[in-house]
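Here is the structure we will look at, set down as C-alpha cells.
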Amino acid sequence: MKRIALATLACISVLASLPAAAQFQKPEDAVKYRKAAFSVMATHFGRIGAVVQGKAPFDAKAVQANADVVATLAALPFTAFGEGTGVGETRAKPEIWSQADKYKASAQAMTDAVAKLDAAAKTGNLDQIKVAFGETGKTCKACHDAFRKE
Ligand code: HEC
C-alpha cells in the first residue's frame with residue numbers, strides 16, 4: 001500500500017514539474033488546442049461586445065453566462081505555448097519564447113481584466129460591464145500587437 005502511494009506521489013510530482021507542452025503529443029496538437037480555446041473564448045467575448053455596442057439587447061443573465069465562459073477559458077490557451085510549439089499553422093511570434101516574461105505578464109493582464117469583467121457582469125450594471133469589456137479588449141489587442149503575426 002505504502003509503495004503504491006509513494007509511486008503515485010512520485011508520478012504526480014513528475015507530472016506537475018513537466019512543461020505544459022508535455023501535455024500534448026505533438027506541437028501541432030498544442031497549436032490546435034490554443035487556437036480552439038482562443039476561438040471559443042472570443043465567440044463568447046464577442047457576444048458581450050454586441051451588447052456593449054448596442055447591437056444586441058441587454059440580458060444580464062446572458063452576459064453573466066458569457067462572462068463565466070470567458071473567465072473559465074481565459075487560462076486555457078496559455079497552457080499550450082510550450083517551448084517548441086511555434087511551428088506549423090500558427091500566428092505565434094518567436095517573441096513569445098524569447099520574451100517569455102513579457103508574454104506571461106501580458107497573459108496575466110488579460111486574466112486579471114477578465115476576472116473584473118466577470119465581476120462586473122455579476123452586478124448586472126451595463127455601465128460597469130462596458131468599462132470592464134473595454135479594458136479587457138485593450139489587453140487582447142496589446143498582446144496581439146506584440147506577439148501575434150498579422
Ligand atoms: C498574452 C497574449 C494574448 C492575449 C492576452 C490574447 N491573445 Fe488572442 N492570441 C494570441 C496568440 C499568440 C494567438 C495566435 C495563436 C496561434 O496561432 O498559435 C492568438 C490568437 C487569437 C485568435 C485566433 C484563434 C484562431 O482560430 O486562430 C483569437 C480569435 C483571439 N486570439 C482572441 C483573443 C481575445 C478575444 C482575447 C482577449 C479576451 C485574446 N485573444 C487575448 C495571444 C493573446
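The values are calculated or read from the model by the stated rules, or taken from the named source; none is laboratory data. Small disclaimer: the values here were computed from a predicted structure and weren't measured. Every residue, glycine as well, gets a Cβ built from its backbone with ideal geometry; the counts of neighbours run over all protein chains shown.
Table for the structure above
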item: Some residue of segment 131-142 being closer than 15 Å to Met41 by Cβ, within 11 Å of the ligand (Cβ to nearest atom) and loosely packed, with under 13 Cβ neighbours inside 10 Å; result: yes
item: Test result for Glu83, modelled with pLDDT under 95, under 20 Å from Pro27 (Cα atoms), more than 8 Å from the ligand (Cβ to nearest atom) and outside any helix (DSSP H, G or I); result: yes
item: Residue satisfying all of: in segment 104-130; of a type in the set (A, V, I, L, M), out of contact with any Phe, Trp or Tyr (no Cβ under 7 Å at 6 or more places or on another chain) and under 18 Å from Gly54 (Cβ atoms); surrounded by the most Cβ atoms within 10 Å (Cβ to Cβ) among these; result: Ala121
item: Residue in segment 51-70 that is in contact with an Asp or Glu (Cβ under 7 Å, 6 or more places away or on another chain) and either loosely packed, with under 15 Cβ neighbours inside 10 Å or outside any helix (DSSP H, G or I) (or both) present; result: yes
item: Close pairs from segment 134-150: first over 20 Å from Glu95 (Cα atoms), partner of a type outside the set (Val, Ile, Thr) and within 8 Å of the ligand (Cβ to nearest atom), Cβ under 9 Å, at least 6 apart; result: Glu135/Ala113; Thr136/Phe45; Thr136/Met110; Thr136/Ala113; Gly137/Phe45; Gly137/Ala113
item: Residue pairs meeting the criteria (Cβ under 8 Å; at least 6 apart or on separate chains; first within 16 Å of Cys140 (Cβ to Cβ), in segment 95-119; second of a type in the set (A, V, I, L, M, F, W, C) and outside any helix (DSSP H, G or I)); result: Ile96/Phe81; Tyr103/Phe81; Met110/Ala74; Thr111/Ala74; Thr111/Ala75; Val114/Ala74
item: Set Ala36, Ala107, Ala71, Ala67: member being within 12 Å of the ligand (Cβ to nearest atom) and touching a Cys at 6+ places or on another chain (Cβ under 8 Å); result: Ala107
item: In segment 106-147, the residues that are of a type in the set (A, V, I, L, M) and within 12 Å of the chain's Cα centre (by Cα); result: Ala107, Ala109, Met110, Ala113, Val114, Ala115
item: Top-ranked residue in segment 22-32 [being buried (at least 18 other Cβ atoms within 10 Å of the Cβ) and in a helix (DSSP H, G or I); ranked as farthest from the ligand (Cβ to nearest atom)]; result: Pro27
item: Close pairs from segment 35-54: first among the aliphatic types (A, V, I, L, M), partner near the ligand (Cβ under 8 Å from one of its atoms), Cβ under 7 Å, at least 6 apart; result: Ala37/Pro77; Met41/Val70; Met41/Ala74
